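Here the structure is laid out as structure tokens; the discussion comes afterwards.
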Amino acid sequence: MTTGALVAAFGRTAVGGATTADPDPDPDAATLEAIIVSEYARLVRLAGAVCREPADAQDAVAGAIERALRHRAALRDPTSTVPWLNQIVVREAIRLDGRRRTWWGRLRSGPREIELPSDADDTGTSEALVKRALHDALDELPAPQRAAIALHHYAGYSVEETAAILGVPLETARSRLRLARERVRRALREERP
């Protein structure tokens, strides 16, 4: 399904189980839809940095689009649409990742396939192996810590902006970033031969 089709599907209202186009299109909805279409690929990458599974990332963005279109009246400042969308996407990705990390979610989804990088050499010192170790270390982080790392280091938000997007106090965001960095460092040290 294309991004435009996804937005169009979520931009409809349900009437008796069937979907019909909104008879009076909201100009704010059209603007929001245009922003969603232009930001879609970045939102999927952001969600992927939080939940680490491509299918979950797309599910998180689809759920976030649905929530954003349904609750667009909650957006008070139209100039902050992108951070508002980021917040919805990150929270949805955390929710989906938490579901996957339960024992039942792991059982239903089956074992994760690990693909070793093709450019790895026999000595184990290639850049690909280091990236794989970092990926594995980030994958082991709890979703709230991974979200903080993704927003701050991947998306480039300040700690204050990260806290606002996550909806947590500033000190909580700092704590999550510190704990995540410590866990990643510890995991990478353990990976060294």
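Would you confirm whether any residue within region 171-182 is at pLDDT below 90 and either farther than 21 Å from ASP136 by Cβ or not in a loop (DSSP other than H, G, I, E, B) (or both)?
no
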Quiz item: Which ranges mark the helices (runs of 4 or more DSSP H) fully within region 1-74 that have 2 or more residues being at pLDDT 90 or above and either among the β-branched types (Val, Ile, Thr) or over 12 Å from GLU92 (Cβ atoms) (or both)?
Solution: 27-51, 54-70
Practice problem: Determine the pairs where a residue that is not assigned by TED's automatic domain parsing to the domain that holds GLU140, located within region 52-72, has a partner that is modelled with pLDDT of 85 or more and part of a loop (DSSP other than H, G, I, E, B) with Cβ atoms under 9 Å apart, the partner being 6 or more residues away or on another chain. | Solution: none
Exercise. Quick one: count up the residues across region 157-193 that are within 24 Å of LEU129 (Cα to Cα) and exposed (fewer than 12 other Cβ atoms within 10 Å of the Cβ).
Key: 7
Quiz item: Quick one: what pairs do we get from region 130-156, first residue surrounded by fewer than 15 Cβ atoms within 10 Å (Cβ to Cβ), second basic (Lys, Arg), C-beta under 7 Å, 6+ apart or different chains?
Solution: ASP139/ARG52
Practice problem: Being over 13 Å from ILE35 (Cβ atoms) and aliphatic (A, V, I, L, M) is the filter; apply it to region 67-87 and report the residue that is surrounded by the fewest Cβ atoms within 10 Å (Cβ to Cβ). | Solution: ALA73
Practice problem: Please enumerate the residues belonging to region 146-193 that are closer than 24 Å to VAL44 by Cβ and of a type in the set (Asp, Glu). | Solution: GLU161
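The values are calculated or read from the model by the stated rules, or taken from the named source; none is laboratory data. Please read these numbers as outputs of a predicted model, since none were measured by experiment. So basically every Cβ, Gly included, is an ideal-geometry build from the backbone, and we count neighbours across all protein chains shown.
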